[in-house]
1. Could you identify which residue out of Leu228, Leu99, Leu194 has the top mean-square fluctuation in a GNM of the chain using Cα springs shorter than 10 Å?
2. Of Cys67, Val168, Ile6, whose Cα points farthest to the positive end of the dipole of the chain (charges on the beta-carbon: +1 Lys, Arg; -1 Asp, Glu; origin at the Cα centre)?
3. Filter the DSSP H helices in the chain by two things, a Kyte-Doolittle mean of at least -0.5 and an axial alpha-carbon span of 30 angstrom or more, and list the hits by number.
4. Between Lys237 and Leu99, what FRET efficiency comes out of the Förster formula 1/(1 + (r/R0)^6) with R0 = 35 Å and r the beta carbon distance, rounded to 0.05?
5. [x] 16; [y] 22; [z] 25: which one is percent of Cα pairs over 34 Å apart as calculated from this entry?
6. Where Lys and Arg each count +1 and Asp and Glu each count -1, what net charge lies around Val302 among other residues with Cβ under 14 Å from its Cβ?
7. Treat each spin label as a single point 7 Å out from the Cα along the C-beta direction, and report the Ile279 to His85 distance in nm.
8. Tell me the volume per residue, in Å³, of the convex hull enclosing the alpha carbons of segment 1-132.
Amino acid sequence: MSTEQIILILVSVVTAATPLAFAAFGELVTERAGVLNLGVEGMMLLGAVIGFAVAKDSGSLAFGFFCGMLGGMGMALIFAVLTQHLQTNQVATGLALTLFGAGLSAFIGKPYVGMSLTGLTPITIPYLSDIPVLGPLLFHYDLVVYGSFVLLFALIWFFKSSRWGLIVRAVGESPVSAHAIGYPVIRIRYFAILFGGAMSGIAGAYLSLVVTPMWVEGMTAGRGWIALALVVFATWKPMRVMVGAYLFGGVTVMQFYGQGLGIHVSSQILSMLPYIVTIVVLVLISRNPKTILLNQPMSLGVSFYPRS
């Protein structure tokens, strides 16, 4: 392969990994607060269709991203009300949210099927973007890609060094104890759930506005489930989430470049690769339960209702 081909593949990996990273970061914060939201796929779908529809009608990609984020937050708010106030089962509610998001996004997006728009253009950084090889590889991406790294370091600082990050972790470990010393557990969980919805909405909007700037029904293609698996794979640590996102992004890109690189494998097998890798990773992690138990929030998926 030529240098240009290698650079093209690596840039494609970055593009494929970015929505996974955003969705997984959102779910990471949600789960650190002790809430398991399996509705990531549905929130991404709604973020994708709303982001595309708004950007197409308004002509503003930034407004499209903003409304896509609000769409994800709206879905998350439904989940929060059901699980935090009505005390519904988190697993069943998350699955219902995914099904609801799939149907609602198909309904909203019906008039936009087949339409396309011009996606985000990469930012050219003076001098740095002109460096041979490293320039296009490191300094020629859109704002959302750079934003994913800003979010990574912000989350690392948030959970390790900030007071509120420690409070979120405390709520995820023992909501009863956090409530006993005066912290508003339900309110904190609401904020964590809404943050997760916002990040899923941005991830979905990135798919419809950058990765493939058009709306196609079901265009997330299981990425929400991969983001959920990423959080477990990363043992609830932000840096490992980013590494995992790029690993799975690389596997996703292989299905597009595999045959072009001379890998003589059926296209159907290549399309299955991201999901096969997801299953294999989860099986390998599950062989050592201590790895999960030592890092998983103790109250993950456990409902809490303050008695006083």
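The values are calculated or read from the model by the stated rules, or taken from the named source; none is laboratory data. The shown structure was predicted, so the numbers you read here are calculated from the model rather than taken from an experiment. Here the Cβ is made from the backbone with ideal geometry for all residues, glycine too, and neighbour counts use every protein chain on show. With ligands, DNA and RNA removed, areas are computed over all heavy atoms of the protein, side chains included. Shrake-Rupley method; radii C 1.70, N 1.55, O 1.52, S 1.80 Å.
1. So, out of Leu228, Leu99, Leu194, the one fluctuating most is Leu99.
2. So the residue furthest toward the plus end is Val168.
3. Membrane-span-like by this criterion, though nothing is claimed about a membrane: 3-32, 185-206.
4. Working from the Cβ atoms, E equals 0.70.
5. Correct label, based on the coordinates given: [y].
6. 0
7. Label-label distance for Ile279 and His85, simple model: 4.1 nm.
8. Details: hull volume 20.7 nm³, N = 132.
Roughly 157 Å³ of hull volume per residue.
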